[in-house]
Amino acid sequence: MKKYFILLLISFQASAVFVNLKGKGEVLIVPYYSVNNELNTMVSVTNTKLMPKALKVNIREGLNGYAVKSFNVYIGPNDTWTFSMGITSSEIDGYVGEDNAAFTSFDHTCTSYTQLVEELSPQALADGPQDLQRLREGFIEIIEMGELLEDSYQAALNINGIQNCTYFYEAWQEDGIWHEASGGDVHHDFAPVSGGLMAEADIIHVTSGANYSIPVVAFADFFADDTMAHISADDSSLSLDAAAPYATILTDDKVFQLQFDRGIDAVSSVLMADQLTATFAVDANVEGTAETVLTQPTRRFYINNNAMTSEAPYAADSEVDSCFSENYGGVEVDMNVFDRDSQSDEPVALAGVATPASARPTYCGSVFVQSMRLHPISPGQPEITGSHNYHIIGNVMNGTENGFILSKFLNTRPLMGTDIDTSKTMHVMGLPVIGLSLNRFINNNAQPGVLAQYGFAHRLKSKARVIEQSSD
C-alpha cells in the first residue's frame, strides 16, 4: 500500500492546479463583494513567505466579470495588506453624484493606486448596462506575480515603519528598471512565483453590525514551474487563464489528474460542481432571511456575448427565457428543497430578473443571488445583499422554515480532459460554480428594549463528477 501511494504521487504532474482546502496558494478568489444595502466588504491578504512578493488584484463586476479596477501590490515578507470597499458618491464624468463602489486602504504596504479612495471604473463595460449599479457587487482575484529580489527586496523593507514605495513608482517610469519601452525588463530583480498567499474576507452590514465571513478559494500549483508573471499596474490581462493546463480533481471516491488544451479549462475543472447544496433558515420567530450567492469566476472565458453562444461546459445557446439578454444569458437549474424532516419540493422563481414569472430557476450572469422567502412573495430586492441580479423563491412547501437546496444544472456539456495516467478522455461534469449561503436572524428583545441582528455565512457544498468518455 505504501509503495502504491508513493508511486501515485511520483506520477502526478508537478504543476497541476487544485483547490487547496488548507487555504494557501498562488491565486486567491474572494467569491463575492458588495457595497449595496449599507454593506462594506473587508479583505486582508497575507504573504506567509520570507520573501516579498508582487501581487495583481483584479476587482471584477458581477454581471460578466469585466475588470473594473486592476492594480499591483508589493507586499513584504510575513506582511498583511488590508483594504475595504464601500459606497461613495461618484466624481466620474457622466456619473457625478451617483452611488458607486470604491475601495480604500490605510495600510503601509506599497500599491500602485494613488488616491486614498479609489472608485471602480465603468470604462471596461463594453456592453450591457452601463450604469454604476453594475459595479456595486462582484468578485475579486488576487494573483501572485513573483518574488522580489536584491534592490527590490530592500525597497520592500519598512523605513521608520513606513514602506519605501517610491522605488516601485520609479521602476515603472521611463528609463525605470521595469519600463520595457525604454529598455527595462518587467522581471528585473524577480524570482518565480512560490505561493503561500492567504486571505480573509468579511461583509459587514454597517448599521446593524451583522458580519458575514466570506470563504476565500485558494489555488495551489496554479502556474507552470519557474513562472514569473509581473505586469504593469493597470493591466488586467493576468487572470485565471494563466494557469498551467493540468488539474488535480478530487471526487467522492477518487483523485483524477487531467491534462487540458488550455489553462482556463484546468481552473474550471477544479471548480466544477455537478451538484450544489446550499443551506437556508428562514425561521419566523427570529425573522430569518436566507440568500445564496453563486459565482462563476471563469464563465466569461466561455461566453460569446454578441452571439449569445457558449463553449463547453456551458450549453451551446446561453440565451434562456428566464434571463434578460443584458444579463448575458444563463443556465437553467433543476432545484429541489428539502426541509429538516426530509420533505421535498421543486420550487420556481417567483420574482427577480427572471422573466416570465414562475419560470424555472435560472442563474443569470457571473454572480447571481438566490433569495428564499418563507411567505408569499414581497416586493424588493434580496434583503441581505441588495443584489440587482437575483431571483426570489417563496412559500416553498407551504412555509418550511429551514433545510437545504439541492441544485443540478440543465443542458450543460462536459469539459473534456485527458487522464495523465491512462491517456483516456475524461468528462468533467457540471459547471464551475463557487459561492456561499448567507443567513440573518433578528432578536427583537435581546435585552429589554434592545434589538440584535446576527449574520452567518457558509461555503456552498458541491459534488464533483468525472467519468470516462464512452467508446460508443
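The values are calculated or read from the model by the stated rules, or taken from the named source; none is laboratory data. Remember, predicted model here, so these are calculated numbers, not experimental data. Cβ coordinates were reconstructed from backbone atoms using ideal geometry, including for glycine residues, and neighbour counts include every protein chain displayed. What goes into the accessible areas is simple: the full protein's heavy atoms, side chains included, and nothing from ligands, DNA or RNA. Shrake-Rupley method; radii C 1.70, N 1.55, O 1.52, S 1.80 Å.
A few notes on this one:
- Per the conditions (1) of a type in the set (G, A, S); (2) modelled with pLDDT of 95 or more; (3) in a loop (DSSP other than H, G, I, E, B); (4) under 28 Å from M85 (Cα atoms), the sole criterion not satisfied by S268 is (3).
- Unmet requirement for L63, which otherwise passes all of (1) closer than 30 Å to V206 by Cβ; (2) out of contact with any Lys or Arg (no Cβ under 6 Å at 6 or more places or on another chain); (3) open to solvent by 10 Å² or more (accessible area, probe 1.4 Å); (4) at pLDDT below 95: (2)
- In the range 123-152, the residues that are under 19 Å from A233 (Cβ atoms) and of a type in the set (S, T, Y) reach residues that are open to solvent by 10 Å² or more (accessible area, probe 1.4 Å) and assigned to a strand (DSSP E or B) with C-beta atoms within less than 8 angstrom, at least six apart or across chains, in these pairs: S152/F190.
- Residue match in the range 55-68 (condition: within 14 Å of the chain's Cα centre (by Cα) and hydroxyl-bearing (S, T, Y)): yes
- Test result for N304, at pLDDT below 90, open to solvent by 50 Å² or more (accessible area, probe 1.4 Å) and within 21 Å of the chain's Cα centre (by Cα): yes
- Test result for A243, at pLDDT below 95, touching a strand residue (DSSP E or B) at 6+ places or on another chain (Cβ under 6 Å) and open to solvent by less than 70 Å² (accessible area, probe 1.4 Å): no
- Residue match in the range 275-290 (condition: touching a Ser or Thr at 6+ places or on another chain (Cβ under 9 Å) and either of a type in the set (D, E) or at positive phi (or both)): no
- Of all residues in the range 429-443, none that is within 26 Å of L28 (Cβ to Cβ) and of a type in the set (D, E) has its Cβ atom under 6 Å from the Cβ atom of a residue that is at pLDDT below 95 and part of a strand (DSSP E or B), 6 or more apart or on another chain.
- Pairs linking a residue in the range 91-103 that is touching a residue at least 12 places away in the same chain (Cβ under 8 Å) to a residue that is open to solvent by less than 90 Å² (accessible area, probe 1.4 Å) and assigned to a loop (DSSP other than H, G, I, E, B), with Cβ atoms under 6 Å and 6 or more positions apart or on different chains, are E98/S90; N100/S90; A101/V35; A101/L120.
- Filtered residue count, the range 188-199, keeping only those that are touching a Gly at 6+ places or on another chain (Cβ under 8 Å) and open to solvent by 40 Å² or more (accessible area, probe 1.4 Å): 2
- Neighbours by Cβ (under 8 Å, 6+ apart or cross-chain): first from the range 28-44, under 15 Å from V216 (Cα atoms) and open to solvent by 10 Å² or more (accessible area, probe 1.4 Å); second part of a strand (DSSP E or B) and not hydrophobic (A, V, I, L, M, F, W, C): M42/T82; M42/S84; M42/D202; S44/T80; S44/T82; S44/E200
- If you check D175, D234, D202, D185 for being farther than 27 Å from G23 by Cβ, open to solvent by 20 Å² or more (accessible area, probe 1.4 Å) and modelled with pLDDT of 95 or more, only one passes: D185.
- Contact map, the range 67-81: residues that are touching a residue at least 24 places away in the same chain (Cβ under 8 Å) and charged (D, E, K, R) paired with residues that are part of a strand (DSSP E or B) and open to solvent by less than 10 Å² (accessible area, probe 1.4 Å), Cβ distance under 7 Å, separation 6+ or inter-chain. Pairs shown: K69/I59; D79/N47.
- For T412: the one exception among (1) in a strand (DSSP E or B); (2) surrounded by 12 or more Cβ atoms within 10 Å (Cβ to Cβ): (1)
- Members of the range 70-129 found to be assigned to a loop (DSSP other than H, G, I, E, B), under 19 Å from I140 (Cβ atoms) and among the acidic types (D, E), listed by number: D79, D107
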